[in-house]
Amino acid sequence: MPIPSLQDQFAALIAAPSVSCTQPAWDQSNLPVIELLASWLGDLGFNCEVQTISPGKANLLATYGSGPGGLVLAGHSDTVPFDAALWQSDPLKLTEVGDRWVGLGVCDMKGFFPLVIEAVRGLLDQPFQQPLLILATCDEESSMSGARALAEAGRPLGRAAVIGEPTGLKPIRLHKGVMMERIDILGQSGHSSDPSLGHNALEAMHAAIAELLVLRQQWQLEYRNPLFNVPQPTLNLGCIHGGDNPNRICGQCSLEFDLRPLPGMDPEVLRAAIRQKLQPLAEQRQVRIDYGPIFPGVPPFEQAADCELVRLAERLTGQAADAVAFGTEAPYLQQLGCETLILGPGDIACAHQPNEFLDLARIEPTVQILRQLIQHYCLRPAA
């Protein structure tokens, strides 16, 4: 059975819903997407391995050729949730609007896989000296469980990995980490007319926030990287909940915050510093303070500017490697020994937005760049 055309592949992937979300009502299986990719790649002669991560969730590792080294072309198979009412077309139907294709995942980032297939189809008549691995992961948009499982398994992949996240075809070699944290303070409620009857969790949280802001200032003075649009690490106080009535001493208060460390900042060291500030507060205020991540964070990522992959990508794209603020699966692939880079055709400004699109003008340049990467890493003997 012939493999569908490029446009039909896009359409089939967009039509297979695969939302991943921390809210169970939204969360969906990614298996329909994995099965489509495995079918097409299997027909091309790839050895397709479906790795179950959890019920209804799987990674696909498709390999052409064998041996050490080679190239990994990677992406995630899931999308964010969507509000169909805000879209001007059906988000689960590929729609051509002017010089763009529109649909959920067309940019971020199901659309990367048909472009990879298009790039490799024209090279399969040549002997592969090193393997090409195509990786599709699950749950990147929520827990990153697919990439985490790969990193924990520790199985080497290739010597270079390119992740097709939306970068406007600009090579990206750095991004900040993503830490989403929560502080819960349990005090003692009581009648507000007599403060000695309780221990105010809201006042304790006020003191905890003050300590967080001291740390933020300290980290922003200590760490700076001018490659980022926002060159310092950031700490955002996102939401706070506590208490129930003005005439009761607040017995419980919770704060959730977002911390974006720069490359070179160890998330566990940052957490230890926060705990060190909170511990004496608990004793002073006679409250219980629980602190930890809401879900495991994404480490900051940096690939050396002078490595082979970065230099090659800069030459192929004609653009210097840059930095972005958003997180990706890059640190997990890097942990497996791959030189890693982020490079894809979409625009991050339209990702996670209604009417997500991919400019048709990006398709052919992307295919050419991917083809040249495959030629470099897979068709030439290992150095």
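Here is how the numbers come out for the structure above:
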{"quantity": "Amide hydrogen neighbours beyond the local backbone of Gln252, cut-off 5 Å, H modeled", "calculated": "Gly187, Ala201, Gly243"}
{"quantity": "Cα long-axis angle, helix 31-43 against the chain (0 to 90 degrees, to the nearest 10)", "calculated": "20 degrees"}
{"quantity": "3J(HN,Hα) from dihedral phi, region 23-28, Karplus parametrisation 6.51/-1.76/1.60, rounded to Hz, x for glycine, proline", "calculated": "8, x, 5, 8, 5, 10"}
{"quantity": "Rounded to whole Hz, the Karplus (6.51, -1.76, 1.60) HN-Hα couplings of region 164-179, x for glycine and proline", "calculated": "x, 4, x, 10, x, 6, 9, x, 10, 10, 9, 8, 6, x, 10, 10"}
{"quantity": "Helix-derived mean residue ellipticity, 222 nm - over the chain, DSSP H n ≥ 4, -39500 (n - 2.57), to 500", "calculated": "-9000 deg cm²/dmol"}
{"quantity": "Footprinting exposure proxy for Leu278, Leu360 (fewest neighbouring C-beta atoms within 10 Å first)", "calculated": "Leu360, Leu278"}
{"quantity": "Vicinal HN-Hα couplings computed from phi for region 84-98 (Karplus, 6.51 cos²θ - 1.76 cosθ + 1.60; Hz; Gly/Pro x)", "calculated": "4, 5, 8, 8, 8, 9, 5, x, 9, 9, 5, 10, 8, 10, x"}
{"quantity": "DSSP-defined antiparallel bridges as percent of all bridges, the chain, nearest 5", "calculated": "70 percent"}
{"quantity": "Long-range amide H partners of Lys170 with built H, under 5 Å", "calculated": "Gly344"}
{"quantity": "Fewest-first sequence of Arg155, Arg285 by Cβ atoms within 10 Å of each Cβ", "calculated": "Arg155, Arg285"}
{"quantity": "Förster radius 51 Å - calculated FRET efficiency between His191 and Gln276 (Cβ-Cβ, nearest 0.05)", "calculated": "0.90"}
{"quantity": "Interchain or long-range residues, amide H under 5 Å from Glu49's placed H", "calculated": "Leu61, Ala62, Thr63"}
{"quantity": "His199, His352, His175, His191 arranged by Cβ crowding within 10 Å, fewest neighbours leading", "calculated": "His191, His352, His199, His175"}
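The numbers here are math on the coordinates, done by the rules we state, and not lab data. Treat the numbers as computed from the prediction; the structure is a model and nothing was measured. Here the Cβ is made from the backbone with ideal geometry for all residues, glycine too, and neighbour counts use every protein chain on show.
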